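As structure tokens, the structure follows; a few thoughts come after it.
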């Protein structure tokens, strides 16, 4: 059994490629669980970071520093009454959150966490990702229409108009990255997510810096479009609470509302991982060309372990600074336990076999995490756009710029 | 390779099992005592006026139509981008002609004011 597992883990194919249904199922469960946990962590981090941006403390009550807040929220949402408005179209109302959730989770099938750490490697990977993630527009429209109420309908219309407007610029930016993958000896590029990262590896350059500043501009267009695509601030018009209460999910409550939230955060992580794969080098560690050699490999492979030890250290500082009142005893023990778990993970990550296998996943997740933090930062910094400004930016700025970047990239690609 | 696509169906099956289980579990634990005010459409406490599926501006349709045009264009660009270097100058000029036709349409749409959202 153990031999089987280790032999599988050291093979160099994805479960999909090997046609191994069992391992595909295992990977799917891991990704499903991982994304759900990441969404919960993101939820906590967002509330905490936003609070600190505004010089508040944020969640502090449930668990040490509010660490258990997302779990408390989940339990609260699970036990909350589920209200279906009497006017609503029951079936469509029920179906809409499922569609959004499926659309945003199915995307993870092709996300390349490492050269072999993907559920499967489709040869149309990036097209699959763009196509499936844009299916969530359907869910938005269905939710707004089925609610049969004013706010959701307006929210759904706005949301769908915004999502499809920015998808055009997004697609064109992706094309200019795909174009860069074909700049090799055979002259044939790839749409496979793993292939795109390998192309960056063989060209020894992130596509972000390719044909500077063209890759940079394409990436910028994608970075703007992906915020609009996921309906996040400063493009969160569909959920503009000051004018539309909550947009298309105004009428949803309880668990179904939480499905919308889960879908939204999962979609944010998914588009961030597209950006990471296409422009920021996917699973590659920083400076794979400059800092080469055994020593640097070792240094970079130790970073995940040190990161977790550092987090554990911060947790222990928190334990030491906890008030010494009996009221805080449970919280202190909890935080110490959390720190101990983090430290243990850090120590496990130092073990050579784990270290070598986990590296790619770590660097991919770290890059995605930077993007997730940017999302929070945007939300704390930028004021919300007006709807006509939003459409103007989408159609009159991003679209022409992305066509121009595509043409210039093509000309550069032919000439050099 | 076809077997690369099998995980998609496994994934759909997993989602199709997990989510109904969660919904069912929620159904067992949550309270259920609806009343008329709770079930009425949300309108900040005021009774809703008029049909909610009323008229809305025609610009949403224009945006949808333009989206179809430009998205199909993007899909056409993908195969070219994959074989870009192999096609070389021929492919580039061909695509520039294609894009030029599209840009003419884009400029016309812009001049007509279809991109303005008043």
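Assess whether residue A:350 counts as being out of contact with any strand residue (DSSP E or B) (no Cβ under 8 Å at 6 or more places or on another chain) and touching a residue at least 60 places away in the same chain (Cβ under 8 Å). Spell out how you get there, then give the answer.
Numbers: out of contact with any strand residue (DSSP E or B) (no Cβ under 8 Å at 6 or more places or on another chain): yes; touching a residue at least 60 places away in the same chain (Cβ under 8 Å): no.
Considered against the rule, which asks whether it is out of contact with any strand residue (DSSP E or B) (no Cβ under 8 Å at 6 or more places or on another chain) and touching a residue at least 60 places away in the same chain (Cβ under 8 Å), residue A:350 comes out as no.
When A:342, A:347, A:311 are checked against the criterion of being under 23 Å from the mean Cα position of the chain (by Cα) and farther than 30 Å from residue A:278 by Cα, a single residue qualifies: A:342. One residue alone among A:114, A:144, A:187, A:131 is within 13 Å of chain B (Cβ to nearest Cβ), surrounded by fewer than 24 Cβ atoms within 10 Å (Cβ to Cβ) and in contact with a helix residue (DSSP H, G or I) (Cβ under 9 Å, 6 or more places away or on another chain), and that residue is A:187. When residue A:387 is tested against (1) touching a residue at least 24 places away in the same chain (Cβ under 8 Å); (2) more than 11 Å from chain B (Cβ to nearest Cβ), only condition (2) is not met. Screening region A:51-78 for residues that are under 28 Å from residue A:143 (Cα atoms) and in contact (Cβ under 8 Å) with a residue 12 or more places away in the chain and picking the one that is farthest from the other protein chains (Cβ to nearest Cβ) gives A:69.
Checking each residue in region B:52-69 for being modelled with pLDDT under 80 and more than 18 Å from residue A:248 (Cβ to Cβ) picks out only B:55. If the condition is being surrounded by fewer than 16 Cβ atoms within 10 Å (Cβ to Cβ) and within 18 Å of the chain's Cα centre (by Cα), then region A:15-33 contributes A:29, A:30, A:33. Of the residues making up region A:240-254, those that are touching a residue at least 12 places away in the same chain (Cβ under 8 Å) and surrounded by fewer than 23 Cβ atoms within 10 Å (Cβ to Cβ) number 6.
Looking at B:18, B:23, B:66, which is the one that is part of a helix (DSSP H, G or I), surrounded by 11 or more Cβ atoms within 10 Å (Cβ to Cβ) and facing another protein chain (nearest Cβ under 7 Å)?
Answer to the check: B:23.
The values are calculated or read from the model by the stated rules, or taken from the named source; none is laboratory data. Keep in mind the model is a prediction, meaning the values are calculated, not measured. We place every Cβ from the backbone using ideal geometry, glycine too, and count neighbours over all the protein chains shown.
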